[in-house]
Structures are given as C-alpha cells and as structure tokens.
Amino acid sequence: MRFLPRVPPQGDELRRALVTAAVACLFTIVAPVYALLSALFERPPAIYYSLALGAALGCSCALVLLKQGRFRAAAWLLLLTGTAAVATTAIREGASSQAAGNLVLPVVMAALIVGWRAALAIGLPSLALIILLSVLENVGVYHPVATTHAIGVFALVQVSAITMMLLVFDGVRLGLVEAQRELEAQLAQAHRLEAVGRVAGGVAHDFNNLLTIIVANASLMADSSSNDASVAEIRAAAQRGAQLTRQLLAFSRQQKLEPRAFDLAALVTEERAMLARLIPESIRIEVTRPQGPVWAHADPGQISQVVLNLVVNARDAMASGGTLHISVARADGDRVVLHVRDTGAGMDAHTLERAFEPFFTTKGSVGTGLGLATVHGIVTQSGGQIRVRSGAEGTEFEVTLPAGQAPEGQIRQSSGELPKLRRKMILLVEDDDGVRVATTRLLKALGHEVTACADITTALAAWQKDAAKIDLILSDVVMPGGGGPELVRALPRQGAARVLFMSGYTNDALQAPDLSGIPFIAKPFTQRELARKLDEVMTAAVDLDDISELRRARARDGGPATRN
C-alpha cells in the first residue's frame, strides 16, 4: 500500500495494483539475492548478473509508476522485464534447457496480474520462440551454449520466490475480501442513513410549517404585548424546535446553505464570549489564531453551529474540568482548518467508529445523538472534511473547509432595528393554509400589500393579471403540483419582480444552475427575519429578466425550459 498513491484505485484496479506492487517488491529483493548467491557458489557468466540487475531495475521502475497512479503501465513493465530476462536466458541456453521451461513463469504472472489476455499476449510469443529455437537447433543452424553451471541456486531461489508469491497473492486476496465486506457494510449503513435522512427531511418540512405559524403569530403578539412573559416563552420554545429541525436537516444534508467568504478567525473570536456562558468555570478556554483574517467559503451561520456543537461535545467530556483549545489556521492549498481539542475522557474504538452516526449517544436520556451528526452533515455539505482523533489524553476534531477570497467591499451589517421598506405588492405562494395565513399577516404588519395563492396555477393567473404591479414573489419551494422552481421557470419574461424562496427543507430542488442565484429564507422565520430578508432581496436580488435569461440559456443548452 505504501507504493500506491494517496487516493488508491478501487475494485479490480486495486487488486492489480496490489499484486503488481507485491511482485515488484519481491523480485527487487530476489534478483540481487540470486546474483549474490550465484557469485558465491556457481560463478555463472557475466550476462546472468546483468539480467538480474536489469530485473531489479525494471521492478523498481514499476514501483515508481505505481506511485504515480500508472497502474497498467507498471504491470506491463513488470511482465515485460521478467519475460525479457527469461527469454534472453532461453535463447542462450536452448529450447530444451531449464531456462526455456522458465518461460511459463511470466505467463502465470500475466494471468494473475492482468488477466487471460495478457497471458495470451506473453504465452503465444514464448511458445513460438521455443518452437523456433527447437527447429533451428535440429537443422543445425542454431547452437545453444552449454550450461556451465549448476542450477541449484536458481532452483532454490525459484522455489522460494514462487512460495512467497503465492503467500502474497493469498494475503492480497484475503485483504480484498475483507475490504469488500467493509465496503458492503458501509454501503448498507449509508443506505440506512439515507433513509433516515429522507424521513427526517419530511418530518422537518411538516414540523417547520407548524413552527412557522407559531413563530409568526408569536412575533405579531410580541409587538402588541411586549411585556407578556407567556409570549416570550412561546417564542423561545418555538426557536428550540426550529433548532432541532435544523439539526435534523443538517445531518441529512437537506438544509439550504448560503455560502460566502467570511473570516473564520473572527467568527471563532466572536463566538468565544457566547461559548463562555456554556462552559463552566472549571474548563479553561484557549483560542489560537494567526494574525490577520482567515478567509473561508461556507455559510457562517452553519459553521457557527459546528463550533457550538463541538464545544458542547467537549464540555460534556470534561465533567471534572480541563482545557478546551480552539485553533484556526491556514492549510496548504485552498483550505483552512479549525481544530477543537479537549483534555476530557477520550472515546474507545467502538464509540469513535460511531461518533458521527445519527441518534447514537453515550449521554443516556439527556442526549439526542444529533450533535456530531449535525456537524458532519454541515461540514460535508459545505465541501469540507472532518476527522477525529481520540485517546487517553483527550479528543481532537479537525474541520477542513474551502478557503475563500477576501471580499472587495464590506458586508452590510444588520442593525437591531426593523428594516422599513416602502409599501410593496407581494405575490405569496404557499400550499399550507396555516402558513399562508400567518405569512400574510406578517407581510401586512410590515405594511405590504399581499396576494396569496395556494398553488402555482393560481399564482400564474394572478401574475398575468397584475404583473406590472407585483414587486416580489415569495414562494414555497416544495408544493403539490409544482413549487417555486416550477413557478419561476413558467413565468413570462415581462415584469421586474424579485423572487424569494422559502421552505422548511430543500432537498435537491434548488441545485439547478438557473435557480442557484435566487435568495432563500428558511422556515420558521420571525417578523424581523422576514423584514431583513425582504430588505436584502429588494436592494440586491436578481430580477426575473436575469432569471428568464438563465432559463432561456438552459433551454438552448438542451435542458428543460419548464417543469410543471
């Protein structure tokens, strides 16, 4: 395995590479050993030392090719080197010599390493060579050199090499069988997680619709009765429910991310004040960061969730106190790295293997088993990787994220005040009656005029009627009979309305290139969050002319222009 590239091949290519590496390593050692023993006991002609040196050199070159990922070239170089060495000896000693009989060895190697076609490619010319030498010898044209040395050393080395080859082949076979079983187990686990993810996405979608109604009405109630403690408790409970659904969507990778360039070092520094409220005084927090910003490209809100979950996991592992170390660094290439290390109780091998498995917890009834699964889902969906190392001295999580480009301008910061927009005409498309009514109340409370529709057929009719008056389309993503993406693709080009999608989950609905630039707000949302998003969309969103042009371009490229 050390002679294979960092990313090894799969399937039959892996078998060929492993066998090639094993045989090359074996004969790189066997060839000089044979030359040494022959020099000590038999003293053959100099050509035999040259052939042994050539075989060792060819095997070494095959190992170099393997490391470069050129597996087929390495296999054929190994076979041709061995065939050339044996054929040269056979030509020198004649068709009836031991050397001629050894031509069967490259044929067997070809069959084991490459396959029956390679065995034929080497075996047929070898057979033709033996027949030719025999005929030429019988007619007196060819006179082989008499063997002037015993074959004891060669026979000893030959038997030893074949025995080791068979042992190596059997070890490779057993290793591949074990690896295949592991892959099958991982595939079965992946299918189970995918099924759980689909269920979680459906539950989260329905649950987020209910939470949207609760959060929206609680927001309106808070404006009219700001001193009512009951309203605050309702909002807090709804936010906890929303957090739970976000965790479900994160590990199932069905949440909508809004990646952008952000300073990971600044985010960790800012989070430290909040983390201090979650960490008892018996745990010391240390933050290490380089000078200047560390630009990452991901959804900063989701990465903040990653940091929070990792810190809470570390806190629970240090019940008696300890040190929590958080570090940010720039990695080689286009990556940045976040480390979270604790000095608490480490994880055993079984726990470490299941660390990112959803609903697996060692905390008993107080744990949900979604913390690390959420982290894994967010990091993976963000294009990053997460690794964990654990032992008696503690546990360390390493999160690698794509690096980002420093933004040219400053990102506009949201103020604590409710954004004030002039009155807008909004076309609301939502199939759930409760969500549609609650969202309509929120929009009207913000001073906007609303036309509410339950499906895209009604929405298209409303658009055709009042296209010139509509400033923004606020549409659910997933609806029976077609959702927001289908609505956008079906809209005619005229009109300058902006588009904002909303959903409790998105699955793959917004992955199409012609929809990637449309802004999105996740359910549930408060009145303040909706107001800020509307302000953002009305000042910086893509209008329908641009979307229609994308749609037309996609149709020219052969993709569907509409989906109903």
With every protein chain in place, the accessible area of E137 for a 1.4 Å probe, in Å² rounded to the nearest 10, comes to 60
Placing each pseudo-label 7 Å from Cα in the direction of the beta carbon, Q385 and R441 end up separated by a distance in nanometres of 5.0
Within region 18-103, DSSP-loop trypsin sites (Lys or Arg not before Pro) with at most 16 other C-beta atoms within 10 Å are R70
Each label sits 7 Å from Cα toward the beta-carbon; between A331 and V312 the label points are separated, in nm, by 2.5
For region 254-320 the GluC sites (Glu not before Pro) that pass both the DSSP coil test and the at-most-10 other-Cβ-within-10 Å test are E281
For H191, the accessible surface traced by a 1.4 Å probe with all protein chains present amounts, in square angstrom to the nearest 10, to 100
Computed ³J(HN,Hα) along region 64-76: with the Karplus parameters 6.51/-1.76/1.60, θ = phi - 60°, integer Hz and x for glycine or proline, the list is 5, 5, 4, 4, 7, x, 9, 5, 5, 4, 5, 5, 6
So, with points 7 Å from each Cα along the Cβ direction, the R277-L352 label distance in nm works out to 3.6
Per the rule of 0.36 nm per residue minus the C-alpha distance, extending A237 to F41 adds in nm 61.8 nm
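The values are calculated or read from the model by the stated rules, or taken from the named source; none is laboratory data. On a predicted model such as this, the values are computed, not experimentally measured, just so you know. Cβ sites come from the backbone with ideal geometry, for glycine too, and all protein chains shown count toward neighbours. Note: accessible area is taken over every heavy atom of the protein model, side chains too, but ligands, DNA and RNA are not part of it. Shrake-Rupley method; radii C 1.70, N 1.55, O 1.52, S 1.80 Å.
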